[in-house]
Amino acid sequence: MTSDRNRVVVTGMGAITPLGQTPDAFWANLLAGKPGIGPMTLCDPTGYPCRIAGEVRDFDPAQYMESKEARRMARFSQLAVAAGLTAIESAGLDISKEDHYRVGVVLGNGNGGFPTLEDNCRVLAEKGGMRMTPFFFPMVLPNMAAANLSRYVGAHGYNATATTACASSNQAIGQALDVIRRGSADVVLAGGTEAGISQLGLAGFAVMRALSTHNEEPEKASRPFDANRDGFVPSEGSAILVLESLEHAQKRNASIIGEIAGFGCTSDAGHLVQPEETGASAAEAMRQALSDAGVGLEQVDYINAHGTSTPLNDALETVAIKRLFGDLAYKIPISSTKSMIGHSLGASGSLEAIACLKSINDGKVHPTINYQEADPACDLDYVPNQARSLDVKVVLSNAFGFGGQNACLVFRRFEP
């Protein structure tokens, strides 16, 4: 049993999402099965097979930061700072009263500032390189979201960025867990951010044939585990958790939302983008996370799936779950948050972490919407179309990224 000194708890959450800009709004819309996907507006998708996205509508960075600061940040950094500030507020954390070198930031991000990169490449081609913004590198580098958040809130401690594609923010939260456990920080702001909707990103995924082409009905395009799924819907957003050692949280009488109990990480060491066909590496990441948490297979109440809505990924995630859980797999409710918001790549695990913690606290799991026709290759309980009341004590959250990089987390109801 892990000692109290090494237990890590969640005391605050912030979320900027296509379904709301607070964790409560996000969760209420998830439970209602509300889709957050619509026509793409952040770039012109004319001529591309996918013209829909999960966008954060009406995001105003001026609500969270000075306009001068906002102009010097790419959108993915703006979203992270906004989510981070709301997480700190919800945790009742006053960093000015903490040892600044004991407060860290670990974020996951897949692409950095793709829209800013694209814009400046146009300037380079049309006007010459000396007309590019001098803030080009501080805006586009993937690590700048973590750098900006730490700078903005005065967190001088451990700082890192995980860039493992779609597994990035699960990787970041797991890394933050390890940082606190080994005593290198008391508090870590952990999560992910992504804002890569641009012609550059759209074209890259389109030529891979990875995206949904159900443009006529955007709200029905993301359909994880359904027989008629045809690809993922690009999305954006950010979610940040305030993680603390239990000892630190109790010392300041913080309200505890839940416990981050386990982390597992593996590599397929195989195909560039396709999951390993036996599910062995993904299953091992899940097994490691559960072992790290000291949780048996029979104790898992709910799985928040990676569930991207691509034909291959959903089938092979199902294979991996059955490989690990055996017959128990058919008894565990599984749902995909991406059915409502699309795939926010490096931010997806952090947004799903909000859903996991809300499930534990509310005793409900959100549905996988748009599940209409069963696929024989996906034959588990995906909580189709309607939320479900459930006594949730332990949640397993999956994230599997391009390159075969797998990161899984276990969240647990906090019990002193």
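Since every read-out is calculated from the coordinates, none of them should be taken as a lab result. Keep in mind that what you see is a predicted model, and the values were worked out from it rather than measured. No Cβ is skipped: glycine too gets one built from the backbone with ideal geometry, and neighbour counts run over all protein chains shown.
Using the Kirkwood radius over C-alpha pairs as Rh, can you work out the diffusion coefficient of segment 161-243 via Stokes-Einstein at 4 °C, viscosity 1.567 mPa s, in µm² per second?
86 µm²/s
Once you keep just the Cα pairs under 8 angstrom separated by 6 or more residues, what percentage relative contact order results for the chain?
In percent, rounded to a whole number, it is 24.
Return 323, 71 ranked ascending by Cβ neighbour count within 10 Å, so the fewest neighbours appear first. Write down the numbers at each step before the final one.
Working: 323 18, 71 13.
Ordered by Cβ neighbours within 10 Å, fewest first: 71, 323.
Starting at the first residue of segment 181-186, write each ³J(HN,Hα) from the Karplus equation 6.51 cos²θ - 1.76 cosθ + 1.60 with θ = phi - 60°, in whole Hz, x for Gly and Pro.
4, 7, x, 8, 7, 8
Which of the GluC sites (Glu not before Pro) found in segment 52-117 are loop residues per DSSP with 14 or fewer other Cβ atoms within 10 Å of their Cβ?
For GluC sites (Glu not before Pro) across segment 52-117 that sit outside H, G, I, E and B with at most 14 neighbouring Cβ atoms in 10 Å, the list reads 66.
Going by how many other Cβ atoms sit within 10 Å of their own, how do 306, 271 line up, fewest first?
The fewest-first ordering by Cβ neighbours comes to 271, 306.
Counting residues in segment 7-416 as N, plug N into 2.2 N^0.38 Å and put the Cα Rg over that result. Walk me through the intermediate numbers first.
Numbers: Rg = 19.7 Å, N = 410, 2.2 N^0.38 = 21.6 Å.
Output field value: 0.91.
Which lysines, on any chain, are close to residue 331 with Cα under 25 Å apart, when same-chain ones fewer than 8 places away are left out?
322, 358, 364, 393
Can you tell me the length gained on complete extension of the stretch residue 60 to residue 125, counting 0.36 nm per residue apart and subtracting the Cα distance?
Full extension from residue 60 to residue 125 adds 20.4 nm.
Roughly speaking, what is the stretch gain from residue 227 to residue 132, that is 0.36 nm per residue apart minus the C-alpha to C-alpha distance, in nm to one decimal?
Numbers: separation 95, 0.36 × 95 = 34.20 nm, distance 4.65 nm.
So the chain would gain 29.5 nm between residue 227 and residue 132.
Per the helix-only calculation at 222 nm, which mean residue ellipticity applies to the chain, given -39500 (n - 2.57) for every DSSP H run of n ≥ 4 and division by its residues, nearest 500 deg cm²/dmol? All intermediate terms of the calculation are to be shown ahead of the outcome.
On the way: 13 runs with 136 residues, N = 416.
For the chain, the value works out to -9500 deg cm²/dmol.
Work out how much length residue 255 to residue 89 would gain on full extension: take 0.36 nm times their residue separation and subtract the Cα-Cα distance, in nm to one decimal. Write down the numbers at each step before the final one.
On the way: separation 166, 0.36 × 166 = 59.76 nm, distance 1.21 nm.
Length gained, residue 255 through residue 89: 58.5 nm.
For residue 375, list long-range residues whose amide hydrogen, built 1.01 Å from N in the peptide plane, is under 5 Å from its own amide hydrogen.
227
Once amide H atoms are built 1.01 Å from N in the peptide plane, which residues 5 or more positions from residue 8, or in another chain, come under 5 Å H to H?
Sorted by chain and number, the residues that satisfy this are 246, 260.
Going by C-beta contacts inside 10 Å, put 208, 340, 144 in order with the fewest on the left.
208, 144, 340
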